[in-house]
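Here's the structure, in structure tokens; my notes come after.
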């Protein structure tokens with residue numbers, strides 16, 4: 001009606017303001033970034049996706065670039081662009097060893113609501129075995145930076161979890177990136193990581209997540225049975241200057257699942273399981289996430305009680321857990337070595 005009246009009265013058409021989507025990271029985060037966690041220099045790329053126009057930036061171009069490996073950048077013109085994948089991009093283990101995918105802050109890669117976006121697995125023979133110890137090798141070293149990942153979908157996928165990104169082996173880090181509306185299976189006791197699922201990093205070194213956003217608005221959250229944003233088994237993480245909000249763990253029955261239930265529902269934002277591993281959260285905001293069972297913000301279970309949870313200069317608030325939690329730390333379920341190490345942080 002507003003448009004009709006504007007035309008009838010020869011007025012300028014009413015144009016709604018553009019939607020403001022969340023920026024990458026905690027805008028107030030000031031924790032120092034270790035050298036190994038910083039963005040890679042991409043001034044001398046090995047592969048350029050695109051020819052300076054949006055038409056050159058296709059799903060096939062992304063798939064081919066990731067298969068080739070090395071330092072990958074995009075040249076899709078001066079404006080933001082969304083590339084909808086018609087197939088999952090797969091890392092080959094005999095490329096690199098450094099594989100960097102840099103969107104320059106303009107590129108969004110979408111799973112179209114139908115598929116996982118990016119896959120790396122050092123123990124998958126289809127991606128080429130390069131060592132006799134695939135579960136503990138130092139390559140490929142995959143970095144995604146200055147990118148947005150949306151509408152990834154790993155429901156029914158094998159391996160499960162990792163709606164946007166699934167990684168096993170080598171090294172992996174996320175820098176200056178955003179994850180919106182990614183999903184994985186709705187139920188299951190250990191499936192998780194609507195945005196990112198990671199296994200077996202080289203020598204137990206941490207996955208770095210730096211200046212990145214997961215969700216950030218009520219209609220942009222990531223959703224899975226467990227680990228609405230991040231999920232792993234036996235993997236350490238260091239999360240720096242980042243934002244997690246409106247992510248949801250929607251399974252039910254916990255892990256191990258209660259009789260008569262499919263299991264799941266823990267870790268609204270982060271789900272960590274395994275034995276010896278460390279989750280370090282630095283100058284990060286985790287708010288308005290939810291879990292049907294435990295850990296509306298963080299679910300952390302070190303089965304042999306050797307793992308540690310460290311929270312510094314961070315804010316965790318309004319992260320309800322409908323099932324169970326840890327007394328004194330709202331939104332957190334924790335079983336580890338000694339108490340949670342909290343300093344200069346708000347947990348409420």
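The values are calculated or read from the model by the stated rules, or taken from the named source; none is laboratory data. What you see is a predicted model, and the numbers here were worked out from it, not measured in a lab. Glycine gets a Cβ as well: all are built from the backbone with ideal geometry, and neighbour counts include every protein chain shown.
Take the stretch 50-80 and flag every residue that is surrounded by 18 or more Cβ atoms within 10 Å (Cβ to Cβ), in contact with a helix residue (DSSP H, G or I) (Cβ under 7 Å, 6 or more places away or on another chain) and over 26 Å from residue 126 (Cβ atoms). Result: 50, 76. Any chance the stretch 108-121 includes a residue that's surrounded by fewer than 17 Cβ atoms within 10 Å (Cβ to Cβ) and out of contact with any strand residue (DSSP E or B) (no Cβ under 6 Å at 6 or more places or on another chain)? No, the stretch 108-121 contains no residue that is surrounded by fewer than 17 Cβ atoms within 10 Å (Cβ to Cβ) and out of contact with any strand residue (DSSP E or B) (no Cβ under 6 Å at 6 or more places or on another chain). Taken across the stretch 145-158, residues that are on the phi > 0 side of the Ramachandran plot, buried (at least 18 other Cβ atoms within 10 Å of the Cβ), at pLDDT 95 or above and touching a strand residue (DSSP E or B) at 6+ places or on another chain (Cβ under 9 Å) do occur, with at least one present.
In the stretch 296-348, counting only strands (runs of 3 or more DSSP E) that sit wholly within it, none holds 3 or more residues that are surrounded by fewer than 22 Cβ atoms within 10 Å (Cβ to Cβ) and touching a helix residue (DSSP H, G or I) at 6+ places or on another chain (Cβ under 8 Å). One residue stands out in the stretch 81-102 among those that are crowded, with 21+ Cβ neighbours inside 10 Å and in contact (Cβ under 8 Å) with a residue 60 or more places away in the chain: the one that is nearest to residue 134 (Cα to Cα), namely 93.
The set of residues from the stretch 77-93 being closer than 25 Å to residue 43 by Cβ and assigned to a loop (DSSP other than H, G, I, E, B) comprises 77, 78, 79, 80, 91, 92.
Quick one: would you say residue 73 is part of a strand (DSSP E or B), modelled with pLDDT of 95 or more and over 21 Å from the mean Cα position of the chain (by Cα)?
no
Residues in the stretch 260-274 that are over 26 Å from residue 345 (Cα atoms) and assigned to a loop (DSSP other than H, G, I, E, B) were compared, and the one that is farthest from the chain's Cα centre (by Cα) is 260. Does the stretch 107-115 include one or more residues that are touching a helix residue (DSSP H, G or I) at 6+ places or on another chain (Cβ under 7 Å), assigned to a strand (DSSP E or B) and farther than 16 Å from residue 143 by Cβ? No, there is no match, as no residue in the stretch 107-115 is touching a helix residue (DSSP H, G or I) at 6+ places or on another chain (Cβ under 7 Å), assigned to a strand (DSSP E or B) and farther than 16 Å from residue 143 by Cβ.
Of the residues making up the stretch 204-227, not a single one is closer than 22 Å to residue 123 by Cα, buried (at least 24 other Cβ atoms within 10 Å of the Cβ) and in contact (Cβ under 8 Å) with a residue 12 or more places away in the chain. If you go through the stretch 186-200 and keep only what is at pLDDT 95 or above and either in a loop (DSSP other than H, G, I, E, B) or surrounded by fewer than 23 Cβ atoms within 10 Å (Cβ to Cβ) (or both), you end up with 186, 187, 188, 189, 191, 193, 194, 195, 199, 200.
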